[in-house]
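Structure first, commentary second.
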Amino acid sequence: MTKRNLLVSLFLVFGLATMASSALASTQWVTSKNALYDGRSEGLAEETGEYILTNNVAGTTNATNYFVYTYSQPLVAHSAYLKCSGIDFPSGCGSEFTVTTGFPTAYNVTVTFASTFYFSTTGDIIELIVRVNAAAAGVGCLTAPANGLWPSSGPGVITAVVDADQTTSAPTGISVTGTDAANTYAVLYVRCTPNLSLTMAAKDKDVNGANGLPGQVLNCIGTKDLGPYDNSFCVNIDEEFVNALTSYSYELASDPDATNGTQVILTLTDVPLNMKINSPTVTDCNALDHHDPNYCNKGYWTGSSWVWTYTGTLDVSAGSVSCTPDSPAPTPPTQTCTVTLTVNTEDAGSPENFDVCFTYKTHGPLPTGYVEIYADIQKGPLTPSTDIPLFNGTYEIPQPGLSVVDFSDCQTVLLYPYVTSQGIYGYDTGIAVANTTLDPFDVPPPAPNFPNLIPTYGKGSAVPQTGDCYYYIYSGGALTAWYDTGAIVPGSVDAFFLSAVAPGISGAYAIAVCEFLDAHGFAEIQYDAGLYTGFAVNYIADVLPDPAFYTRKQNLLGESAVTQYYLNNFFKYLLIYDPPKH
């Protein structure tokens, strides 16, 4: 026998007329709310805080009596969910109520008693959870207050109020009171974008030891190089507030109509066709090193051990990378690649973040420039007519164009540590630079009596490149002269006297930046005493590590520094990717 039929049974069986007046008394409901929710301004169905009615007076309500909840923003259809608890709700709400959204206006939810209901005691609770259009015009958005005190109304705050009403044919059976005069509560704070941040992660130490910088740099690969490379980069996605990422189970816990959680779509643009990107690995902040700036656990050091104030709970899975060639195709052609990340589990009470690390393989020639990455967030598949929570399409994290890889044409930097030019009689410097990007390692022998080189030599052959060399000449604490050689073709040497381009310089040095690999310099300092007398000394210019990839603070200069780096990578590749067969 249900509570709603208990009153009728008492009349028929026991004839308790004295109890009738008590049973027909109006119930009285006191309003309150739970903790407020944070909502994303781009969401069309952001979940509000629960609006709570607690029964304060035992009594009876008749069928067709109802509560009317009025929200300050339009509702989304099929977004209201009722929860019931207390002694008179042994199995939850069941079929005791009907819930109608958008009646009589787009701002209202009507909760109607399906039949006459007797509340035998006090303390029964009815909770309404509603999703509202947080992206509605005029709502605005808020940032977290410094003092922790949110406003109770105004732009960026969605409020709700509840009233008791009745049908014209039924006596009054319900009344509502509140803790304030208007019974109005703030139920949702609409948070400003960005809701997530996208930055370079500081986790991957294999990207030339420079991960975390605005752009990652590939070692000298572009339109003039054919070498293969495999490398990696990591980005970090961080919640700007605790509910910026939600899981399906989180949504489902308070709304049985929920169909999905948060998905994050990472998009990489300007990806060369001959660059293969593998599906990423995801590391949540709780699994990062304690010293990583993205580590999510908060704690303090006791002097002997760490005490953590909370442990983040985050699990994000990554789908496969999907790439589509760009159309119309640029030269060289590029592609756009995407991968979808799905939030499986999250901590609704703490802001968290996760690293997404990509590995890739590529070979030249490649277009110079940056591979850029940006992110969208969405609530599952984009079918707004059925998805809950609804989402206004995808929302782009407002930091597009995060550069992750820079394909740079190679250059050679030469240092001439002493140069001078004093005119017709006196000191002068002859300067030469050779473009050695023509070599015998990938071509047939020129004549039958020339040796055949072993095939593996060809893998290390230079790629013919043409480019200028730009000379910067310093003396007396300043840049005093500069000179452009013009184009130097592969297999040729450019030579000039310093006095012809920068006369009257003494005590100087020169740095040449050449637009090709494998440039080598030579200098001869001459002294002309006249009458066919004089002398000359010469030296080979130093090859400086390319400052695009190496700092000049290194102890080792010259090509040996670069060679050592490539040797390390070569042996690492042999050990990891091509181990000896036993």
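The values are calculated or read from the model by the stated rules, or taken from the named source; none is laboratory data. Nothing here was measured: the structure is a model prediction, and the numbers come from that model. Don't worry about glycine lacking a Cβ; one is built from the backbone with ideal geometry, like all the others, and counts go over all protein chains shown.
Could you check, for the stretch 278-291, whether at least one of its residues is in the same structural domain as Ala202 (by TED's automatic domain parsing), at pLDDT 90 or above and within 25 Å of Gly349 (Cβ to Cβ)?
yes
Working only within the stretch 169-189, note down all residues that are modelled with pLDDT under 60 and closer than 23 Å to Ala106 by Cα.
Scanning the stretch 169-189 gives a single hit, Ala182.
Of these, Ala160, Ala146, Ala134, which one is among the small types (Gly, Ala, Ser) and over 30 Å from Gly94 (Cα atoms)?
Step by step, each of Ala160, Ala146, Ala134 is checked, and only Ala146 is among the small types (Gly, Ala, Ser) and over 30 Å from Gly94 (Cα atoms).
Just to verify a result, which residue in the stretch 31-57, among those that are out of contact with any Phe, Trp or Tyr (no Cβ under 8 Å at 6 or more places or on another chain) and buried (at least 18 other Cβ atoms within 10 Å of the Cβ), is modelled with the highest pLDDT?
So, considering only residues that are out of contact with any Phe, Trp or Tyr (no Cβ under 8 Å at 6 or more places or on another chain) and buried (at least 18 other Cβ atoms within 10 Å of the Cβ), the one modelled with the highest pLDDT is Ile52.
Would it be correct to say that Asp428 is at pLDDT 80 or above, in a strand (DSSP E or B) and crowded, with 18+ Cβ neighbours inside 10 Å?
Taking the combined requirement at face value, the residue satisfies it.
Could you grab me the full set of residues in the stretch 98-141 that are out of contact with any Lys or Arg (no Cβ under 6 Å at 6 or more places or on another chain), more than 15 Å from Val76 (Cα to Cα) and either crowded, with 20+ Cβ neighbours inside 10 Å or hydroxyl-bearing (Ser, Thr, Tyr) (or both)?
Within the stretch 98-141, Thr98, Val111, Thr112, Phe113, Phe119, Ser120, Thr121, Thr122, Asp124, Ile126, Val139 qualify.
Within the stretch 417-425, does at least one residue satisfy the condition of being surrounded by fewer than 16 Cβ atoms within 10 Å (Cβ to Cβ), aromatic (Phe, Trp, Tyr) and modelled with pLDDT under 80?
Yes: the stretch 417-425 contains one or more residues that are surrounded by fewer than 16 Cβ atoms within 10 Å (Cβ to Cβ), aromatic (Phe, Trp, Tyr) and modelled with pLDDT under 80.
For the stretch 292-331, name all the residues that are charged (D, E, K, R) and either at pLDDT below 80 or buried (at least 16 other Cβ atoms within 10 Å of the Cβ) (or both).
Passing the criteria: Asp292, Lys298.
Would you please list the contacts, defined by Cβ atoms under 9 Å and residues six or more apart or on different chains, that run from a residue in the stretch 259-276 that is outside the structural domain of Ser79 (by TED's automatic domain parsing) to a residue that is among the basic types (Lys, Arg) and buried (at least 21 other Cβ atoms within 10 Å of the Cβ)?
So the pair list comes out as Thr259/Lys379; Asn260/Lys379; Gly261/Lys379; Thr262/Lys379; Gln263/Lys379.
I'm told Phe97 meets every condition in (1) modelled with pLDDT under 90; (2) in contact with a strand residue (DSSP E or B) (Cβ under 7 Å, 6 or more places away or on another chain); (3) of a type in the set (A, V, I, L, M, F, W, C) except one. Can you identify the failing condition by its number?
(1)
When you look at Thr338, is it among the β-branched types (Val, Ile, Thr), modelled with pLDDT of 80 or more and within 25 Å of the chain's Cα centre (by Cα), yes or no?
Answer is yes for this residue.
Could you tell me whether Gly558 is among the small types (Gly, Ala, Ser) and either surrounded by 17 or more Cβ atoms within 10 Å (Cβ to Cβ) or modelled with pLDDT under 70 (or both)?
Yes: the conditions hold for Gly558.
Regarding Asp528, is this residue assigned to a strand (DSSP E or B), surrounded by 15 or more Cβ atoms within 10 Å (Cβ to Cβ) and modelled with pLDDT under 95?
Yes; evaluated as a whole, the condition is true for this residue.
Tyr550: modelled with pLDDT under 95, more than 22 Å from Ala434 (Cα to Cα) and either surrounded by 12 or more Cβ atoms within 10 Å (Cβ to Cβ) or among the aliphatic types (A, V, I, L, M) (or both), yes or no?
yes
Give the residue that is modelled with the lowest pLDDT, with candidates limited to residues of the stretch 190-236 that are in a loop (DSSP other than H, G, I, E, B) and among the basic types (Lys, Arg).
Lys205
Can you pull out every residue in the stretch 493-519 that is in a strand (DSSP E or B), surrounded by 14 or more Cβ atoms within 10 Å (Cβ to Cβ) and among the small types (Gly, Ala, Ser)?
Within the stretch 493-519, Ala508, Ala510, Ala512, Ala519 qualify.
Run Leu314 past the list (1) under 18 Å from Thr269 (Cα atoms); (2) under 23 Å from the mean Cα position of the chain (by Cα) and report the number of the one that doesn't hold.
Failing condition for Leu314: (1).
Quickly run through the stretch 473-496 and pick out the residues that are out of contact with any helix residue (DSSP H, G or I) (no Cβ under 9 Å at 6 or more places or on another chain), hydroxyl-bearing (Ser, Thr, Tyr) and either assigned by TED's automatic domain parsing to the domain that holds Pro228 or over 16 Å from His520 (Cα atoms) (or both).
Across the stretch 473-496, the qualifying residues are Tyr474, Ser475, Thr480.
Thr340 - would you say it is out of contact with any Leu (no Cβ under 7 Å at 6 or more places or on another chain) and more than 30 Å from His78 (Cα to Cα)?
Criteria not met by Thr340.
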